[in-house]
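Asker: My questions all concern the structure below.
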Ligand code: XUL
Ligand code: CO
């Protein structure tokens, strides 16, 4: 049974193609800076948006036409695995990601929920083996069910903390069984709405305890995947503790989790935090914490997390400048945590969305590689800081300078070296030369 009968396996046809069901730039075997595009991007499909998204928004119910969605919900969880793997196989996506509750629904209690999850996991494994598609990361949904209304690891209710721990234990074990290469924590409701009722210190201490338990459990079961923390400043809560990359780095350092966790950076979360994706990537990469990305984008005129597919070539060029700068992103990848618009309700729109996003990344990568090859941008930055390569600047960087020596230096010198232009406009033009 084919669920997308009108769609063939998506071919690469090159930039001149006008076939909407073909790649113009993503050519999995093409080499960029010594690696194939396939292994550079490690593209992943997000199970929750692509196979569970209904198109509902705060003003109205779902609009998506998904003819296969019918009948008993647990039987549907199994059937949907066939839909998902047909889609991913035709698209040529090498990876997928899920939350436990996207692939398998709740039972009457945790015991039944876990048993249902086992059944779906067995089918996922079968389909992974049949298609060669792999699990990039698993995670647990600790935010949708009403029990998590005060949060999960930061809930004021210790039983909810315990339930969340039991749920994550199972999600980690299934991720391991499926060969998942990473495990993600996004603090769905780990934050607060109002400080009048919140003990922030206790909540943060609890969150750290929770993550330490996850690290210990990974050791116990021999799970070797990378743990990833996914920053997001707000939504659904007014303040989320994993606010941005810098706040996450501080949390990991303060609570002794530094060596165990990296970051999964998402574009729309970066912009909600008042940063650019470029900033969040550059910051995490310089901390050696850039582990994976959730590739999407927001809307310039809407303030919320619209999770749109990335189609902006400047954005993907900036992403790839950082990713190529750290020689790739594996064992993480580029996960399309993005949903088609409520108005794009036909199944075929899912293909257009992913093809476009993969092409936008491939194009951004080619541009970034060309910029890096000529090296003019890097050379400018190197020159800009060259006063620190010798003399007084080198003393400052080495740590041999003090207020005493610097004061003497300036007093002796009389006139300091003049400033030079930052040349922002010229550099913006320079990037455009490669587009
Ligand atoms: C929510 C979000 C999540 C995480 C996984 O904004 O990005 O889907 O990626 O829990
Ligand atoms: Co995300």
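Readers should treat all values here as calculations from the given coordinates under stated rules, not as data from a laboratory. Only a predicted model underlies this, so the values are computations on that prediction, with no experimental measurement involved. Neighbour counts run over all protein chains shown; Cβ positions are idealised from the backbone, glycine included.
Asker: Report Rg/Rh for segment 390-432, rounded to two decimals, where Rg is the Cα radius of gyration and Rh the Kirkwood radius.
Answerer: Ratio of gyration radius to Kirkwood radius for segment 390-432: 1.22.
Asker: Pull out the extension gain between residue 341 and residue 193, defined as 0.36 nm times the separation in residues minus the alpha carbon to alpha carbon distance; nm, one decimal.
Answerer: Details: separation 148, 0.36 × 148 = 53.28 nm, distance 2.84 nm.
Length gained between residue 341 and residue 193: 50.4 nm.
Asker: Using a simple spin-label model with points 7 Å from Cα along the Cα→Cβ vector, what separation in nm is obtained for residue 38 and residue 238?
Answerer: Label at residue 38, label at residue 238, 5.0 nm between them.
Asker: Now for a separate question. How much length is gained on full extension from residue 110 to residue 380, taking 0.36 nm per residue of separation minus their Cα-Cα distance?
Answerer: 91.4 nm
Asker: Express as a percent, rounded to the nearest 5, the fraction of DSSP beta bridges in segment 181-310 (both residues included) that run antiparallel.
Answerer: On the way: 3 of 14 bridges.
Counting DSSP beta bridges with both partners in segment 181-310, the antiparallel share is about 20 percent.
Asker: I've got another one for you. At what distance in nm do the modelled label points of residue 162 and residue 258 sit from each other, each positioned 7 Å from its Cα along Cα→Cβ?
Answerer: Roughly 3.5 nm, to one decimal.
Asker: Rank 62, 53, 414 by mean-square fluctuation in a GNM of the chain with C-alpha springs under 10 angstrom and give only the top-ranked residue.
Answerer: Fluctuation is largest for 414.
Asker: Taking Cα centroids, how far is segment 44-99 from segment 242-295 in Å?
Answerer: Going from one Cα centre to the other spans 28 Å.
Asker: Hey, how many Å between the Cα centroid of segment 213-228 and the Cα centroid of segment 1-38?
Answerer: Cα centroid to Cα centroid, the span is 36 Å.
Asker: For the chain, set up a Gaussian network in which alpha carbons nearer than 10 Å are linked by springs, and say which option among 122, 270, 417 fluctuates the most.
Answerer: With Cα springs under 10 Å in the chain, the top fluctuation among 122, 270, 417 is at 417.
Asker: Tell me the Rg and the Dmax, in Å, that the Cα atoms of segment 209-316 produce.
Answerer: Taking only Cα atoms of segment 209-316, I get Rg and Dmax of 14.6, 47 Å.
Asker: Taking R0 as 41 Å, what's the FRET efficiency between residue 348 and residue 433 from their Cβ-Cβ distance, rounded to 0.05?
Answerer: Result of the calculation: an efficiency of 0.70.
Asker: For a quick check, take a GNM of the chain with Cα springs below 10 Å and name the residue from 97, 156, 319 with the largest mean-square fluctuation.
Answerer: Per the Cα network of the chain with a 10 Å cutoff, 156 tops the list.
Asker: What does the highest-first list of 37-44, 250-257 look like by mean Cβ count within 10 Å?
Answerer: Most protected by this proxy first, the peptides run 37-44, 250-257.
Asker: Just for the chain, what percent of DSSP beta bridges are antiparallel, to the closest 5? Provide the component values of the computation, followed by the final result.
Answerer: Working: 6 of 33 bridges.
Bridges in the chain that DSSP calls antiparallel: roughly 20 percent.
Asker: Now for a different question. Sort 210, 227 by Cβ crowding within 10 Å, fewest neighbours at the top.
Answerer: Going from sparsest to densest Cβ surroundings: 210, 227.
Asker: Still on this structure, I have one more. Determine the relative contact order of the chain: mean sequence separation of Cα pairs under 8 Å and six or more apart, normalised by residue count, in whole percent.
Answerer: Here the relative contact order equals 16 percent.
Asker: Further question on the same structure: Please say if the chain is rounded, prolate or oblate, where rounded means a/c under 1.5 for a ≥ b ≥ c the square roots of the C-alpha gyration tensor eigenvalues, and otherwise the choice is prolate for a/b larger than b/c and oblate otherwise? Working shown, then result.
Answerer: Values: a/c = 2.07, a/b = 1.33, b/c = 1.55.
It is oblate, given that a/c is not under 1.5 and a/b is not larger than b/c.
Asker: By how many nm would the segment from residue 145 to residue 400 lengthen if fully extended, with 0.36 nm per residue of separation less the alpha-carbon distance?
Answerer: Stretched fully, the residue 145-residue 400 segment lengthens by 86.1 nm.
Asker: Between segment 319-348 and segment 393-413, what's the alpha-carbon centroid distance in Å?
Answerer: What the calculation gives is 46 Å, centre to centre.
Asker: Modelling each spin label as a point 7 Å along the Cα-to-Cβ direction, I'd like the residue 56/residue 82 distance in nm, to one decimal.
Answerer: 2.7 nm
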